[in-house]
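Enquirer: Mind looking over this structure? Questions follow.
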Amino acid sequence: MLVIAVAFVLLLLAGVPVVFVLGASAVLALVTTTDVPVAIVSQRVFAGLNTFTLMSIPFFVFAGVIMDAGGISRRIVEFASAVIGWVVGSLLQVSCLAAAGLAAISGSGSADTAAISAIMQPQLRRRGYDVDFGAAIIASAGSIAQVIPPSLTMVILAVVSNVSIGALFLSGVVPGLMCIAILMIIAYVHAKRGGPAYREAEPFTFARLLRTGWAALPAAGMPVLILGGILGGVFTPTEAAAVSGFYGLLVGAFLYRDLDLRRLPDLILRTVSLSSAVMLIIGTASVFSWLIANANVPQLLGNWIAGVSSSQLMFLLIANVLFLFVGMFLETIAAILIIVPVLSPIAAQMGVDPIHFSLLIILNCAIGTVTPPYGVSLFVASSVAGRPVLSVARKLALPLAGLFAVLIAVTLLPDLPLFLPRLAGLID
């Protein structure tokens, strides 16, 4: 374990990509401290990827890419503007509401952040809003795509933790909406103090609401199709992902007609590129996790936590702090694949509900994509806004405080995430 830890930290500090850090540190530990043949590495990589559910990843990625190229992102933002464009600080409110809508389609925090930033930032700048605060709100709202189903991160975590994808999807609805609601409240308070620029609200009209709502209605079919199909037993999560990609293709190409089918090869190539990066991380991390398990790290860590306290709450607080810290430095999927195999057995031993624990992990990972120094949503929002990362990070205090408040509430009140899965009969 000392070899793994030292190699991991040194390679990470040297700027080596996480996927190679995971594989190289695991192989180095294997070669220097065991007699196990190196051929086991390729076997573990294959075993880590040899799961039918993981096939849903490229399909979900394709659905997100198609939805963005097909003009659905723009129509979601236009509908959100019609719903809440009359409120003080309307552009910030629209950004939050649009993030919730896009989250139910793409399942990717960075993709949602990029899409909303590209549409809203020019308007924020034109209206005289605080661009840095706007980027901070958009980054925070976009990160909630990991919490609101269908979420790519949830699929990966469900596979790693061996929990029901449908139950995990439903567990994210209430906390995800709570995050969006509290960000909208924070945006409203900021706008009330921001001066006349924030009060140039558009008048509310039913005609505009109906027009934009009708245009966005096909987009609403995506989450209904995915969640309804999975929960209704019509198809598996992998089949749901494939159906969602086909649905997005039909909507973008033939209903909205914003998607030029001649672009399809480029979109497929982009999907392959994004999906292969995720798959490579999963494969190398499986070797890393296997070595950690063989080194008995979960048992050792469990004994230490039990020595500190036998309280479920204390364990969850320790897990929260650990994931928040790791999320500041590691990509979400890598963090899940490294830490979840260590903490899940301890959570089970402590009697923590696996769905509750999984949702807490997702929420922590979502917050981690916003926190500096390596929050991907923060970097995306800053880049699109054309602002330095540090300038945007200085405006994160209030949005992060709101997300932390939801995290604490979900930690203390398991019924918040478990209410809908229980109502659907997916858990006891």
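Enquirer: Kindly list the number of the only condition in (1) in a helix (DSSP H, G or I); (2) modelled with pLDDT of 75 or more; (3) open to solvent by less than 20 Å² (accessible area, probe 1.4 Å) that fails for residue 112.
Expert: Looking at each condition in turn, residue 112 falls short on (2).
Enquirer: Also, quick follow-up: In this structure, is residue 377 hydroxyl-bearing (Ser, Thr, Tyr), part of a helix (DSSP H, G or I) and surrounded by fewer than 23 Cβ atoms within 10 Å (Cβ to Cβ)? Can you show your working first?
Expert: Numbers: hydroxyl-bearing (Ser, Thr, Tyr): yes; part of a helix (DSSP H, G or I): yes; surrounded by fewer than 23 Cβ atoms within 10 Å (Cβ to Cβ): no.
Here the answer is no, as residue 377 does not meet what is asked.
Enquirer: Could you pull out the residue among 235, 246, 288 that is under 25 Å from the mean Cα position of the chain (by Cα) and outside any helix (DSSP H, G or I)? Break it down stepwise before answering.
Expert: Numbers: 246 fails: outside any helix (DSSP H, G or I); 288 fails: outside any helix (DSSP H, G or I).
Exactly one of 235, 246, 288 is under 25 Å from the mean Cα position of the chain (by Cα) and outside any helix (DSSP H, G or I), namely 235.
Enquirer: Another question, if that's okay. Condition first: open to solvent by less than 10 Å² (accessible area, probe 1.4 Å), among the aliphatic types (A, V, I, L, M) and assigned to a helix (DSSP H, G or I). Can you find one or more residues in the range 39-61 that meet it?
Expert: Checking the range 39-61: at least one residue is open to solvent by less than 10 Å² (accessible area, probe 1.4 Å), among the aliphatic types (A, V, I, L, M) and assigned to a helix (DSSP H, G or I).
Okay, residues lined up against (1) surrounded by fewer than 17 Cβ atoms within 10 Å (Cβ to Cβ); (2) in contact with a helix residue (DSSP H, G or I) (Cβ under 6 Å, 6 or more places away or on another chain); (3) closer than 24 Å to residue 189 by Cα; (4) aliphatic (A, V, I, L, M):
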position: 353; (1), (2), (3), (4): no, no, no, no
position: 358; (1), (2), (3), (4): no, yes, no, no
position: 366; (1), (2), (3), (4): no, yes, yes, yes
position: 405; (1), (2), (3), (4): yes, no, yes, yes
position: 411; (1), (2), (3), (4): no, yes, no, no
position: 414; (1), (2), (3), (4): no, yes, no, no
position: 428; (1), (2), (3), (4): yes, no, no, no
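Enquirer: Which ones in the range 126-140 are more than 18 Å from residue 184 (Cα to Cα) and in contact (Cβ under 8 Å) with a residue 12 or more places away in the chain?
Expert: In the first step, residues of the range 126-140 are kept if they are more than 18 Å from residue 184 (Cα to Cα); the result is 126-128.
Correct list: 127, 128.
Enquirer: For residue 181, which of the numbered conditions (1) at pLDDT 90 or above; (2) among the small types (Gly, Ala, Ser); (3) surrounded by 24 or more Cβ atoms within 10 Å (Cβ to Cβ) fails to hold?
Expert: The failed condition is (3).
Enquirer: So how many residues does the range 19-37 have that are of a type outside the set (Phe, Trp, Tyr), closer than 17 Å to residue 286 by Cβ and assigned to a helix (DSSP H, G or I)?
Expert: Matching residues across the range 19-37 total 11.
Enquirer: Considering the range 80-94 alone, what residues qualify as being open to solvent by 10 Å² or more (accessible area, probe 1.4 Å) and closer than 18 Å to residue 207 by Cβ?
Expert: Selection gives 81, 83, 84, 86.
Enquirer: Just one of (1) open to solvent by 10 Å² or more (accessible area, probe 1.4 Å); (2) touching a Phe, Trp or Tyr at 6+ places or on another chain (Cβ under 9 Å); (3) not in a loop (DSSP other than H, G, I, E, B) trips up residue 155, so point out which.
Expert: Checking residue 155 against (1) open to solvent by 10 Å² or more (accessible area, probe 1.4 Å); (2) touching a Phe, Trp or Tyr at 6+ places or on another chain (Cβ under 9 Å); (3) not in a loop (DSSP other than H, G, I, E, B), the one that fails is (1).
Enquirer: If we keep just the residues of the range 218-250 that are among the hydrophobic types (A, V, I, L, M, F, W, C) and at pLDDT 80 or above, which is most open to solvent (accessible area, probe 1.4 Å)?
Expert: So the residue we want is 246.
Enquirer: Yes or no: residue 74 more than 16 Å from residue 187 (Cα to Cα), free of Cβ contacts under 8 Å to residues at least 12 places away in the same chain and over 15 Å from the mean Cα position of the chain (by Cα)?
Expert: no
Enquirer: Give the range 251-270 a look and list any residue that's open to solvent by less than 100 Å² (accessible area, probe 1.4 Å) and in contact (Cβ under 8 Å) with a residue 60 or more places away in the chain, or say none.
Expert: If the condition is that a residue be open to solvent by less than 100 Å² (accessible area, probe 1.4 Å) and in contact (Cβ under 8 Å) with a residue 60 or more places away in the chain, then 251, 252, 253, 256, 258, 259, 267, 268 are the ones that fit.
The values are calculated or read from the model by the stated rules, or taken from the named source; none is laboratory data. This one's a predicted model, so the numbers in the text were calculated from it and none came from an experiment. Neighbour counts are summed over all protein chains in view; Cβ atoms, including those assigned to glycine, are modelled from backbone coordinates with ideal geometry. Surface accessibility is based on the protein's heavy atoms, side chains included, excluding ligands, DNA and RNA. Shrake-Rupley method; radii C 1.70, N 1.55, O 1.52, S 1.80 Å.
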